[in-house]
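Undergrad: Below is a structure I'd like to ask you about.
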Amino acid sequence: MKILITGGAGFIGANFCEYELKHHPEDTYLCLDALTYAGNLASLEHVLHQPNFTFIRGDIADRDFVNALFEREKPDIVVNFAAESHVDRSVTDPEVFLRTNIMGTQALMDACRKHGVGRFHQVSTDEVYGDLPLDRPDLFFTEETPLHASSPYSASKASADLLVQAYARTFKLPVSITRCSNNYGPYHFPEKLIPLMITRALADQGLPVYGKGENVRDWLYVEDHCSAIDLVIRKGRAGEVYNVGGHNERRNIDVVKAILRELGKPETLITYVTDRPGHDMRYAIDPSKIHRELGWLPTTTFDEGIRRTVQWYLDNRGWWEAILAGEYQNYYAAMYGQR
Ligand code: NAD
Ligand code: TYD
């Protein structure tokens, strides 16, 4: 089988490329990525030179390019990770989120229709459901929860999900969607909470916690997300949505303290800063459908996952120091300077 992985040079996509090559070496892989600020060929170091893996630089929203690629390569399965993914950036500059996350998804699906692709898989997020209140721990997102986005990022992902479902119904495109909770692990760009806190704590810099740090996220080690997508594209039913999560809810402040403990750094590094506008309070996934239908279960506990993640950042300083030395400095100054 030939599998096209878009956004494969990003955080989850790169982990997925590694996962697939390890577990299904009989298949052929094409990785399409625009290499935006978030894409990094260094994240593909373990797969880039394997004979059944090809990297192609390109934009999923460039229809002519996408069509020519599908014409030439005729993939059997498309897994779409390509996206603008950072909520804070979507607050300062929403437009590119609409272009990539919505128009890009549509361009890919049109090519899938035209070239008879057997499965289009959309990697979505629990953020499409909006948020849950902190005082109702009994509530969880199920696949039936109405879409209710809060940020331009989540609105663009929800729009894409609606389009994917419309293409399934109207054009009978064989699609699937996974909606996963927050991931963490190797190759995570240091604008996101966990790698930002690890890299700053290592430099003894202040750790900017938004608001009171009471917002809750449901954390999943990235490899467990990869195993879920792998199951859905190979065994999941076409036309279905599968929620992915490991029932691992934590307050942001507790995540930051766990990182400090792991690194042996003091809590005095924590600095509370102005909250994110429209900040979602709590995400919590009910993953019972993917467990029931496909037997999926996560295998990495949070304590183990944080330990492995911290160790990865200690062992791979070159990967993230190269990012911090570039344009990232301007990003950090603009995003956090006035907070
Ligand atoms: P990321 O920002 O690390 O990676 C995104 C990748 O897409 C980058 O390599 C980038 O270069 C590429 N890209 C961006 N625009 C492109 C375009 N127009 N054409 C081709 N490539 C383009 O994101 P991530 O955290 O790896 O997330 C991957 C997917 O998973 C996203 O769709 C995101 O919405 C979803 N998701 C993420 C999380 C999470 O916790 N990170 C959780 C659930 C779902
Ligand atoms: P993030 O990693 O951006 O993921 P998302 O917003 O998609 O859930 O943020 C995770 C949580 O951490 C979120 O509640 C916002 C908070 N946060 C901070 O407190 N400080 C930070 O510097 C960042 C980046 C996030």
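Undergrad: How many Å³ per residue does the convex hull of the Cα positions in segment 236-339 occupy? Please list the in-between numbers first.
TA: Numbers: hull volume 18.9 nm³, N = 104.
Hull volume normalised by residue count: 181 Å³.
Undergrad: Please report the Cα spread of segment 1-157 along all three principal axes, rounded to whole Å, starting with the longest.
TA: Per principal axis, max minus min of the Cα coordinates gives 52, 32, 30 Å.
Undergrad: Calculate how steeply helix 222-235 sits against the longest principal axis of the alpha-carbon atoms of the chain, using the helix alpha-carbon long axis, and give the answer as 0 to 90 degrees to the nearest 10.
TA: So the helix axis and the longest Cα principal axis differ by about 20 degrees.
Undergrad: Tell me the net charge near F65. Cut-off is 15 Å between Cβ atoms, F65 excluded, with +1 for each Lys or Arg and -1 for each Asp or Glu. Can you show the working numbers first?
TA: On the way: positive: R57, R63, R72, R99, K114; negative: D33, D59, D62, D64, E71, E73, D110.
Local net charge: -2.
Undergrad: Name the aspartates and glutamates eligible as straight-distance cross-link partners of K265: C-alpha to C-alpha under 12 Å, and not fewer than 8 places from it in the same chain.
TA: Within the straight-line limit of under 12 Å, K265 reaches these aspartates and glutamates: D204.
Undergrad: In percent, how large is the relative contact order of segment 96-166, given Cα pairs closer than 8 Å and 6 or more residues apart?
TA: Details: 53 pairs, mean separation 31.0, N = 71.
The normalised contact order for segment 96-166 reaches 44 percent.
Undergrad: If you don't mind, there's one more thing I want to ask. Once you charge only the Cβ atoms, +1 for Lys and Arg and -1 for Asp and Glu, what is the size of the charge dipole of segment 189-339 about its Cα centre, to the nearest 20 debye? List each step's numbers first, then the result.
TA: On the way: 20 positive and 21 negative charges, 30 e Å.
The dipole of segment 189-339 has a size of about 140 debye.
Undergrad: Compare S124, S159 by solvent-accessible area with a 1.4 Å probe and give them largest first, with all protein chains kept in place. If you can, show how the numbers build up before the last one.
TA: Details: S124 5, S159 40 Å².
From most accessible down to least: S159, S124.
Undergrad: Helix-only estimate, please: 222 nm mean residue ellipticity of the chain, summing -39500 (n - 2.57) across DSSP H runs of length 4 or more and dividing by its residues, to the nearest 500.
TA: Numbers: 12 runs with 134 residues, N = 339.
Roughly -12000 deg cm²/dmol at 222 nm, from the helical runs in the chain.
Undergrad: List the extent of the Cα atoms of the chain along each of their three principal axes, largest first, rounded to whole Å.
TA: Largest first, the chain extends 57, 44, 37 Å along its Cα principal axes.
Undergrad: On a 18 Å Cα-Cα criterion, which of the cross-link pairs K22/K289; K192/K257; K2/K74; K114/K235; K192/K289 come out too long?
TA: Working: K22/K289 26 Å; K192/K257 16 Å; K2/K74 8 Å; K114/K235 24 Å; K192/K289 28 Å.
Pairs exceeding the cut-off: K22/K289; K114/K235; K192/K289.
Undergrad: Heavy-atom accessible area per residue, the chain, 1.4 Å probe: how many Å²? Each step should come with its number before you reach the end.
TA: Details: 14170 Å² over 339 residues.
Accessible surface, normalised per residue, equals 42 Å².
Undergrad: I would also like to ask the following. How much accessible surface area, in Å² rounded to 10, belongs to the heavy atoms of L4 with a 1.4 Å probe?
TA: Its heavy atoms expose roughly 0 Å² to the probe.
Undergrad: What number, in percent, do you get for the relative contact order of the chain if the mean sequence gap of Cα pairs under 8 Å and at least 6 apart is divided by its residue count? Kindly include the intermediate steps, with their values, before the conclusion.
TA: Numbers: 630 pairs, mean separation 59.0, N = 339.
So the answer I get is 17 percent.
Undergrad: K172: accessible area at probe 1.4 Å, nearest 10 Å²?
TA: Looks like 150 Å² after rounding.
Undergrad: Suppose we take every Cα in segment 1-91 and form the convex hull; what volume per residue is that in Å³? Mind showing how you got there, number by number?
TA: On the way: hull volume 8.2 nm³, N = 91.
Considering the Cα atoms of segment 1-91, their hull volume per residue is 90 Å³.
Undergrad: If you take the charge dipole of segment 233-289 about its Cα centre, with +1 on Lys and Arg Cβ and -1 on Asp and Glu Cβ, which of T268, A284, I233 is farthest toward its positive end?
TA: Of T268, A284, I233, it is I233.
The values are calculated or read from the model by the stated rules, or taken from the named source; none is laboratory data. A quick note: this is a predicted structure, and the numbers were derived from the prediction, not measured. Quick reminder, even Gly has a Cβ in these numbers, built from the backbone with ideal geometry, and neighbours come from all protein chains shown. Side chains included, ligands, DNA and RNA excluded: accessible areas come from the protein's heavy atoms. Shrake-Rupley method; radii C 1.70, N 1.55, O 1.52, S 1.80 Å.
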